[in-house]
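These notes are about the structure you will find just below.
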Amino acid sequence: MKKIIAVFKNKEIVGRIFFTIMMLLILRIGAAITVPGVSTSSELSDALNGASAVALMDLLGGGAISNFSIFALGVSPYITSQIIIQLLSKDVLPALTELTRQGQYGRKKIEMATRYLTLLLGAVQAYGIIMTMENSEYITINLETNFWTYAYLVTILLGGAMLTMWIGDQITVKGLGNGISVVIFAGIVRSLPVQISSAFQTWISNSEGHGANELIKGSLQFAVYVLALILIIAFVVFIELSKRKIPVQHSGKSGGQTASMSRASFLPIKLNSAGVIPVIFASSIMMAPSVIASFFTDDLSSNWLNIFNYSALTEMPGADGSSWGMPWGLLIYITLIILFTFFYSSIQISPETLAENFRKNGSYIPGIRPGNETERYVRKVTNRVTCIGALALTFIAALPVILTLSGVFGNNSSLAIGGTGLIIAVGVSIEIMNQINGLLAGKTFDEVQATAGRG
């Protein structure tokens, strides 16, 4: 309670909160404006309630896909551009690699390259989404279908994506948290009350009038559901905060270190250092075949395309002439998440760079020789930690898909818990809390300095 009071007494924090809310309000207004000349169908709502690629697009769009609004692209092109530029900067393109070593000037150049790439990818993605959703009968274009119509629609979606990116940048500078993450966070939080209300309607409201036993049974099912949701959130928080601490000593320090200094001398390796990037990568690859196919055919119901749908079962011929469902899409999805987790973690944490920095700074890991032995040790620890993190990330991301395929919630797949959105929501919440704590600590330090100056 004291912390809440301290937050609202801090004018800077209150101003940042108000600015963030205003920016998100603008996004919600834009998300309610459907692209002119386009109407949506009921099939789109059904697709968004399931664990599908369209649902992920809606997630990255802050909930703007549901009525195909002007902000339908969301921050997806910008995120993809960031990932590509970051990958190319890792000794793939020497020019980009050199820019990463040039401090503030290099960062500005890389950011400019990211924005130009966002324009290109945004245009391609906008056209792909329009074609995919039109061929899937999620939307109907009420204009004459020619080149200029599609150019008009692509321009609107691309403009919405660039405005969303700008709003995210403003939140980062003047608001709370990372703006791009906060935009996604707002769309996720928006759907949580709807999910709880749907669960209440399914198990309690629908049980009324069917006797006391049915009402008690429904109440217990709802209570179990809420408890499971809380436990999943607690598990995600645990994963996000978990880290492996490698002790580090510095040759420049005397042996008589204090207890606080000893605790601070460690190298933290997060259990989930890759964040949700592997899930976004995996989902993008799973969605790519349908997007590419939409350029050449109107029939997106082919069995081979269904293999890349992680929320569907692929019919396989049985020995007696019958058929059975195989979750090929889910298996490919899980494999991609694990592979990308290891790949992206290796980019985030470079054992070779760490060993080199240790050598330059005169630091070392107790019991481990500097140089190659330090590199091998850090790589071994990182691989072990990443393995646990990859399995945890896969479990959380695949849980709603597994629950949907198993039919636990019947036809109402919107009740499935877990998923990418939960990971993002928890991560952004932790980031915002850390920023608020930092601002409060800074104010406390200023007050102490002012008191000391008056004394």
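The values are calculated or read from the model by the stated rules, or taken from the named source; none is laboratory data. Computed from a predicted structure; not experimentally measured. Don't worry about glycine lacking a Cβ; one is built from the backbone with ideal geometry, like all the others, and counts go over all protein chains shown. Calculation scope for accessible area: heavy atoms of the full protein, side chains included, ligands and nucleic acids excluded. Shrake-Rupley method; radii C 1.70, N 1.55, O 1.52, S 1.80 Å.
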Some residue of the range 334-346 being farther than 13 Å from V279 by Cβ and either touching a helix residue (DSSP H, G or I) at 6+ places or on another chain (Cβ under 7 Å) or surrounded by 20 or more Cβ atoms within 10 Å (Cβ to Cβ) (or both): yes
Positions within the range 141-178 being among the hydroxyl-bearing types (S, T, Y) and open to solvent by less than 70 Å² (accessible area, probe 1.4 Å), in sequence order: T149, Y150, T164, T172
Within the range 239-343, strands (runs of 3 or more DSSP E) holding 3 or more residues that are at pLDDT 70 or above and farther than 30 Å from G367 by Cα: 314-317, 323-326
Of all residues in the range 182-202 being touching a Ser or Thr at 6+ places or on another chain (Cβ under 9 Å) and either open to solvent by 40 Å² or more (accessible area, probe 1.4 Å) or polar (S, T, N, Q) (or both), the one that is nearest to L27 (Cα to Cα): F185
Test result for W328, surrounded by fewer than 17 Cβ atoms within 10 Å (Cβ to Cβ) and among the aromatic types (F, W, Y): no
Conditions (1) closer than 22 Å to G179 by Cβ; (2) aliphatic (A, V, I, L, M); (3) at pLDDT 85 or above; number of the one not met by V38: (1)
Search result, residues across the range 120-130 that are of a type outside the set (S, T, Y) and closer than 11 Å to V154 by Cα: G122, A123, V124, Q125, A126, G128, I129, I130
Long-range neighbours under 8 Å by Cβ, at least six apart or interchain, first residue closer than 15 Å to V173 by Cα within the range 3-15, second in a helix (DSSP H, G or I) and open to solvent by less than 100 Å² (accessible area, probe 1.4 Å): E12/L439; E12/K443; I13/V7; I13/I436; I13/L439; I13/L440; V14/V7
Residue among T374, T382, T353 that is among the hydroxyl-bearing types (S, T, Y), within 15 Å of K270 (Cβ to Cβ) and either modelled with pLDDT under 85 or open to solvent by less than 70 Å² (accessible area, probe 1.4 Å) (or both): T382
Close pairs (7 angstrom Cβ cut-off, 6 or more residues apart or separate chains): within 17 Å of V426 (Cα to Cα) in the range 216-240, open to solvent by less than 100 Å² (accessible area, probe 1.4 Å) and not in a helix (DSSP H, G or I) anywhere: A228/I417; L229/I417; I232/I417; I232/G418; I239/L271; I239/N272; E240/N272
Test result for G159, in contact with a helix residue (DSSP H, G or I) (Cβ under 6 Å, 6 or more places away or on another chain), in contact (Cβ under 8 Å) with a residue 24 or more places away in the chain and in a helix (DSSP H, G or I): no
Looking only at the range 170-197, and only at residues there that are touching a helix residue (DSSP H, G or I) at 6+ places or on another chain (Cβ under 6 Å) and either small (G, A, S) or without any contact (Cβ under 8 Å) to a residue 24 or more places away in the chain (or both), the one that is nearest to I17 (Cα to Cα): G175
Pairs where the first residue, in the range 396-419, is over 15 Å from L313 (Cβ atoms) and at pLDDT 70 or above and the second is polar (S, T, N, Q) and open to solvent by less than 40 Å² (accessible area, probe 1.4 Å), C-beta under 6 Å, 6+ apart: A397/T420
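Does F222 count as assigned to a helix (DSSP H, G or I) and open to solvent by less than 50 Å² (accessible area, probe 1.4 Å)?
Working: assigned to a helix (DSSP H, G or I): yes; open to solvent by less than 50 Å² (accessible area, probe 1.4 Å): yes.
So F222 passes the test.
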